[in-house]
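The values are calculated or read from the model by the stated rules, or taken from the named source; none is laboratory data. Keep in mind the model is a prediction, meaning the values are calculated, not measured. Ideal geometry is used to build each Cβ from the backbone, glycine not excepted, and the neighbour counts take in all protein chains shown. These area figures cover heavy atoms from the full protein model, side chains too; ligands, DNA and RNA do not enter into them. Shrake-Rupley method; radii C 1.70, N 1.55, O 1.52, S 1.80 Å.
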Amino acid sequence: MSLETLWLALLGLLLAGYFVLGGYDYGAQMLSPFLGSADAGPRPDTGPGAGPDGRNAALDAIAPFFLGNEVWLVAFAGVMFGAFPHLEGSLLSGLYPLIVAILAGLVLGNAAIQLRGRSRGSRAVKVWNALVVLGGALPAVCWGIVVGLLLHGVPRRADGSFHVGAGEVFGPFALTCGVATTLLFAGHGAAFVALRSEPGTAAAARRIGATLLAAAGAAGALALLLSVFGAGASMTRTGTSVVLFALVVAALAAGWWFLTKGRDVLAFTATCLATALPVLLIGAGQYPYLLSASAGGGITVDEAVADGATLKVLIGFGVVVVPLILLYQGWSWWAFRGRTGRRHPSYF
């Protein structure tokens, strides 16, 4: 395997890992007003999305993980900056407004979750609850639009630079992908809450999650229909893309089925696959392009990658940092395994 292929695989792995781990964070944040009951420990504050004691079960479920999950995004950005500098320059400049909105959502959501846990008045909790939802929905919608733009192709100017305007962001395919991804992340978050919460909350999360996954499948079908009529995805490897899209549909169907049957572990496994596969669809379905142009062509892997000497220097990052991320993530899951209220206290 060449160094270029190895770093491309690592780039995709980090982004897929971020979609899986950050996706359930965003989903739980969006669902927090609807999954508000929590069982243990008195709290004086109350508000929408809070249980009788003021706590929120959806936020309790993600509490030990939500800051650590963002490490995957940082690692993805580091690999892109170092190993694919030409992609970084073209991608960030072309998608700048969406990237800023994603980062704003991350900061807003993290701050709102932390400050909500320190609020005592019902009015303050209401404000933080609304900002928690917004902090989850904004990155989810924007990431979906980014996925849609990358699948469709980004307009390229005469000087070779890429530019995304309002017409592309608010185009039917990009918006459909935004809706589909938001529903998918919300369903993924519901599966995670069902896996982590007490029986009453878990049952509510299963019902909501099954509905959301069905809606995500419907939005995905609309995106496919737009592609069939030439207004959607433009893929260089049609056969590979069809197989990967079929796998996404199968993962959504499996997640829906297992949620309706109360099989929380299998349901969460299925939604993890459904959130990771779109990254593979972009990478494998448009290979050898890393960033495709809507008029055809684009930036290939060979054009985007750094020189061989730089890739060799960066091997230390892949050999040391990535395993450390995996070890930390595995440790945190082991340390906080089990349902909330049984093996560890509530946080928010």
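State all residues of segment 251-265 that are in a helix (DSSP H, G or I) and crowded, with 16+ Cβ neighbours inside 10 Å; if no residue qualifies, say none.
Passing the criteria: 251, 252, 254, 255, 256, 258, 259, 264.
Exactly one condition in (1) of a type outside the set (A, V, I, L, M, F, W, C); (2) over 30 Å from residue 145 (Cα atoms); (3) open to solvent by 40 Å² or more (accessible area, probe 1.4 Å) is not met by residue 332; state its number.
For residue 332, the failing item is (3).
Within segment 68-95, take every residue that is more than 26 Å from residue 293 (Cα to Cα) and touching an Asp or Glu at 6+ places or on another chain (Cβ under 9 Å) and give me the one that is least open to solvent (accessible area, probe 1.4 Å).
Across segment 68-95, the extreme among qualifying residues is 69.
Are any residues in segment 16-34 hydrophobic (A, V, I, L, M, F, W, C) and either touching a strand residue (DSSP E or B) at 6+ places or on another chain (Cβ under 6 Å) or open to solvent by less than 30 Å² (accessible area, probe 1.4 Å) (or both), and if so, which ones?
The answer is 16, 19, 20, 21, 28, 30, 31.
Only one of these is modelled with pLDDT under 90 and open to solvent by 70 Å² or more (accessible area, probe 1.4 Å): 326, 291, 273, 247. Name it.
When all the criteria are applied, what remains is 326.
Can you go through 284, 215, 233 and tell me which one is touching a helix residue (DSSP H, G or I) at 6+ places or on another chain (Cβ under 7 Å) and at pLDDT 95 or above?
215
Looking at segment 105-135 only, could you name the residues that are in contact with an Asp or Glu (Cβ under 7 Å, 6 or more places away or on another chain) and surrounded by 17 or more Cβ atoms within 10 Å (Cβ to Cβ)?
Hits for segment 105-135 are 106, 119, 125.
Collect the residues in segment 232-250 that are touching a residue at least 60 places away in the same chain (Cβ under 8 Å) and either assigned to a helix (DSSP H, G or I) or among the hydrophobic types (A, V, I, L, M, F, W, C) (or both), keeping them in residue-number order.
Initial filter on segment 232-250 (touching a residue at least 60 places away in the same chain (Cβ under 8 Å)): 232-235.
Selection gives 233, 235.
Looking at residue 37 and the list (1) part of a loop (DSSP other than H, G, I, E, B); (2) at pLDDT 50 or above; (3) surrounded by 24 or more Cβ atoms within 10 Å (Cβ to Cβ), which single condition is not satisfied?
Only one criterion is unmet by residue 37, namely (3).
Can you tell me how many residues within segment 147-172 are of a type in the set (A, V, I, L, M, F, W, C) and either within 14 Å of residue 93 (Cβ to Cβ) or open to solvent by less than 10 Å² (accessible area, probe 1.4 Å) (or both)?
4
Quick one: would you say residue 270 is in a helix (DSSP H, G or I), within 30 Å of residue 169 (Cα to Cα) and out of contact with any helix residue (DSSP H, G or I) (no Cβ under 7 Å at 6 or more places or on another chain)?
no
Check off (1) out of contact with any Cys (no Cβ under 9 Å at 6 or more places or on another chain); (2) touching a residue at least 40 places away in the same chain (Cβ under 8 Å); (3) open to solvent by less than 60 Å² (accessible area, probe 1.4 Å) for residue 220 and give me the number that stays unchecked.
(1)
Would you check which residues across segment 166-205 are farther than 23 Å from residue 66 by Cα and β-branched (Val, Ile, Thr) and list them?
169, 176
Being in a helix (DSSP H, G or I), farther than 23 Å from residue 92 by Cβ and either at pLDDT 95 or above or not β-branched (Val, Ile, Thr) (or both) narrows it down to one of 179, 127, so name that one.
Of 179, 127, the one residue that is in a helix (DSSP H, G or I), farther than 23 Å from residue 92 by Cβ and either at pLDDT 95 or above or not β-branched (Val, Ile, Thr) (or both) is 179.
Among the residues of segment 146-193 satisfying the criterion of being among the small types (Gly, Ala, Ser) and under 15 Å from the mean Cα position of the chain (by Cα), which is farthest from residue 259 (Cα to Cα)?
148
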